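The values are calculated or read from the model by the stated rules, or taken from the named source; none is laboratory data. Since we're looking at a predicted model, the values are computed, not measured. Every residue, glycine as well, gets a Cβ built from its backbone with ideal geometry; the counts of neighbours run over all protein chains shown.
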Amino acid sequence: MDIVDQVLSIPKNIDFYIYAPGSGGEFFTSLIALSHKKTREILKLKYFDGLKNDEGLMRYNRPQYFTYDENFKFLNLNINNEFYNEVDLLTMLGHLMSPLDRINYCKMLLFQGIFQSMLPNRNKDEFKENINMFKGVNIILSTHWIELPLLIKTKNFESKNFGLKLFEKEKYWNVINLDPQTEKGRNLVLNFCKKYKLITNVKKVEMQFNHSAFSNIKLKFPFMDYMATGDFNSIKNYITNRYGPDLDYEFIDKALIDYKKLRIEPYL
């Protein structure tokens, strides 16, 4: 086993959440990370940062961090992260990458981030002592994966899988589709995009919802379906089963209630 494989085998989970714009990926992946008490204490973050524009549109920013502590259980490596903004190349330049390019690109990004966090001073002599530092840690990433509108005129567009099938087979990570699967959940996302004239998002959302490459992703968690019906218990059960149970459920409840009031109810 080479050094890259050795490092990528350490975390408990590496989860890629793939979702269309407006499907709540920024909020949901941050909720997972911040619901762990020790994680939130280390990050010194108590609540989500919300942004309102002149029309009252509420949107949420993801926390920006890649850090480690002996009690740290979650890493949320989002595209807004200072170091991990390169992950957004999966979306911006994904149509130019082959499936193997995507896999190797993500492997090296993860390797570099984990390795540098384990050895901030890059002391190779200490590597063997620190190699297990990330055991039990969950790494969470979120991405729109690809700019579908750029490919609409591509030959055999409907049959393309955009590298997802091969990406799913990698043993180091899981691919999870966060898009809504019900008509109510999908209309919720589309209403949000349409109301604020996010035209490019509307087009991308409709294309992604209707394309088999995304609907064929085996693992799914339709976050917006549950938010549309107020089914908080299913959301909490999912987070507990996958990442728990040492979670701050009072924090989760408050965050979901606030999110539903500000981000869900106006668009139902």
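General remarks:
- Members of the stretch 224-249 that are at pLDDT below 95, surrounded by fewer than 18 Cβ atoms within 10 Å (Cβ to Cβ) and outside any helix (DSSP H, G or I): 244, 245, 246, 248
- Options 221, 209; residue that is modelled with pLDDT under 95 and on the phi < 0 side of the Ramachandran plot: 209
- Filtering 203, 184 for residues that are modelled with pLDDT of 95 or more and assigned to a helix (DSSP H, G or I) leaves a single hit, 184.
For every residue, the table says whether it meets (1) modelled with pLDDT under 75; (2) more than 11 Å from the chain's Cα centre (by Cα); (3) not basic (Lys, Arg).
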residue: 4; (1), (2), (3): no, yes, yes
residue: 18; (1), (2), (3): no, no, yes
residue: 29; (1), (2), (3): no, no, yes
residue: 47; (1), (2), (3): yes, yes, yes
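- Residue within the stretch 192-213 that is of a type in the set (Gly, Ala, Ser) and closer than 30 Å to residue 12 by Cα present: yes
- So residue 262, is it in contact (Cβ under 8 Å) with a residue 60 or more places away in the chain, outside any helix (DSSP H, G or I) and surrounded by 15 or more Cβ atoms within 10 Å (Cβ to Cβ): no
- From the list 214, 192, 221, 167, the lone residue that is crowded, with 19+ Cβ neighbours inside 10 Å, of a type outside the set (Asp, Glu), more than 18 Å from the chain's Cα centre (by Cα) and within 26 Å of residue 148 (Cβ to Cβ) is 192.
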